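The values are calculated or read from the model by the stated rules, or taken from the named source; none is laboratory data. All values derive from a computational prediction rather than experimental measurement. When we count neighbours, we look across all protein chains shown, and the Cβ atoms used for this are built from the backbone with ideal geometry, even at glycine. The area values use the complete protein model at the heavy-atom level, side chains included, leaving out ligands, DNA and RNA. Shrake-Rupley method; radii C 1.70, N 1.55, O 1.52, S 1.80 Å.
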Amino acid sequence: MTKITLHPAQGVGAGALPPELLERIGIAPGESAYAVDRPGGVLLTPDPNFGAAMQAFDRARKQYSETFRRLAE
């Protein structure tokens, strides 16, 4: 877990991500990252389609919960 402290900057909260975290996420300084709301928190990803993919998975997981449960056995 990495603690990020946000500081006020032009009316928004700004924080710096350490280089090792940027590398793990797969972004470089100056590139864009996307925040995806997830149950229990927020996910930071370099992929703008990740949020839509997770929503699709959540719908499929609910619809096929019994199938997933049996596959996990």
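A few points about this structure:
- When segment 18-46 is filtered for residues that are in contact with a Pro (Cβ under 9 Å, 6 or more places away or on another chain) and among the acidic types (Asp, Glu), only Glu31 remains.
- Scanning segment 1-35 for residues that are within 22 Å of Phe50 (Cβ to Cβ) and polar (S, T, N, Q) yields a count of 2.
- Which numbered condition Ile4 fails, given (1) part of a loop (DSSP other than H, G, I, E, B); (2) under 11 Å from the mean Cα position of the chain (by Cα): (2)
- Residue list for segment 7-26, filter: part of a loop (DSSP other than H, G, I, E, B) and open to solvent by less than 60 Å² (accessible area, probe 1.4 Å): Gly15, Leu17, Pro18, Gly26
- Top-ranked residue in segment 49-68 [being at pLDDT 90 or above and either open to solvent by 100 Å² or more (accessible area, probe 1.4 Å) or of a type in the set (Ser, Thr, Tyr) (or both); ranked as nearest to Thr2 (Cα to Cα)]: Ser65
- Residues of segment 32-43 that are surrounded by 11 or more Cβ atoms within 10 Å (Cβ to Cβ) and β-branched (Val, Ile, Thr): Val36 alone.
- One residue alone among Pro46, Pro29 is at pLDDT below 85 and open to solvent by 100 Å² or more (accessible area, probe 1.4 Å), and that residue is Pro29.
- Residue tally, condition under 18 Å from Gly26 (Cβ atoms), part of a helix (DSSP H, G or I) and of a type in the set (Lys, Arg), over segment 36-67: 0
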